[in-house]
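Just so you know, all these numbers are worked out from the coordinates, no wet-lab data involved. Because the structure is a prediction, the values reported are computed rather than measured. As a convention, Cβ positions derive from the backbone with ideal geometry for all residues, glycine included, and neighbour counts pool all protein chains shown.
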Amino acid sequence: MMPVAIVPAEKMHADELEIDDALVRRLLVQQFPEWSELALRRIEPAGTDNAIFRLGDDLSLRLSRREGPTEPGGKEFDWLPRLAPLLPLEIPVPVAQGRPTDEYPWFWDIYRWVEGETVPIEEMDAIAAARDLAAFVAALQSVDPVGAPSGRGIPLAKRDKEIRYWLARFDGDHAVTAEWERALAVPPWDGRPVWHHGDLDVRNWLVRDGRISGVIDWGAMGVGDPACDVMVAWKLHSTAARDAFREALPTDDATWERARGWVLSQAVAALAYYTPENNPILCHEAESWLELVLSDREETPGTASSISGDERPGGARPLRSPL
């Protein structure tokens, strides 16, 4: 994976740990000497919570910069190897896990490298991307949820306190609060919990030959409300691509409206927390998401409040930092 080289001018988080090549090399020498002489290269732009390095040709390292794991293993180690053969796009598969040391306080992960580049949506065929993502989400939703961990897809009502906090610090359109309240009024998901990735931003798509070929960063994965993956429809930067996603992945009205609430809440949190200096890519993305959400309401006024209890989705086809 070869993300675009945009480096923030300042830290994203006041409490983040500085992780440089020398530290990572020392960890490898201590714990994985068989890989310690392989070429090491940091991948930019950095994620919101993790530092990523390419190790040789075939491996990648992921180290939390803040609030990292204090216990070994984890859902990605348990589930990504099982999900990989069931999905139409490549995903990273873990191969080893490093231990905390006096220099680095958390467990850290080694994965198989997934080829591809992160590409701005404006440089992609957004309609093709919408269809690729819809096929991926549909395949993930079809995986048996029995025994799976809970994921990001919680009821919107459980996010309300956090989002009110960010709304109070959000310097933007006052209509956003009304849109959040409309989303809260939509009936919650009452169907079987559904598998979801939970973080399908463009930063986590890998592209080869102009098409999405892989999906990375599975820290929010699990089962719950499918709306938290359906929200990617608004992350495609156009009404045409949004509609192409829904055409490829038929979605009941209540789930669609909750997905609008999800993407609105993420946009508000990102714009209230990050700055163009410390996270330029995410700030640009969040502005685009919010613009599309608000223009969407202008197209279909009153939709969220018009959904009744008779349209609840239970019988429908399953579909740290603020993000």
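Expressed as a fraction of 2.2 N^0.38 Å, the C-alpha radius of gyration for the chain is 0.99. From least to most packed, judged by other beta carbons within 10 angstrom and beginning with the fewest, ASP199, ASP225 follow the order ASP199, ASP225. Summarising the amide proton neighbourhood of ASP109: residues at separation of 5 or more, or on other chains, whose placed amide H is nearer than 5 Å comprise ARG62, GLY98.
In terms of its Cα atoms, segment 19-94 spans 37, 29, 26 Å along the principal axes, sorted from long to short.
Quick note on segment 162-269: its Rg to Rh ratio, both from C-alpha atoms and Rh being the Kirkwood radius, is 0.97. Across segment 37-140, the fraction of Cα-Cα pairs farther apart than 17 Å, rounded to a whole number, is 63%. Taking the DSSP beta bridges with both ends in segment 121-315, the antiparallel portion is around 90 percent. Taking 7 Å steps out from each Cα toward its Cβ at ALA157 and PHE77 produces label points 3.7 nm apart. Taking amide H atoms as placed 1.01 Å from N in the peptide plane, the amide H of LEU59 lies under 5 Å from those of TRP113, each 5 or more residues away in sequence or on another chain. Counted by Cβ distance under 13 Å from LEU38, the other residues give a net charge of -2, where Lys and Arg count +1 and Asp and Glu count -1. Using 0.36 nm per residue and subtracting the Cα-Cα separation, the extra length available between VAL29 and ARG99 on full extension is 23.9 nm.
Database remark: amide H of SER213 closer than 5 angstrom to the amide H of LEU206, VAL207, ARG208 (H placed geometrically; neighbours at sequence offset of 5 or more, or on other chains; Pro and chain starts carry no H).
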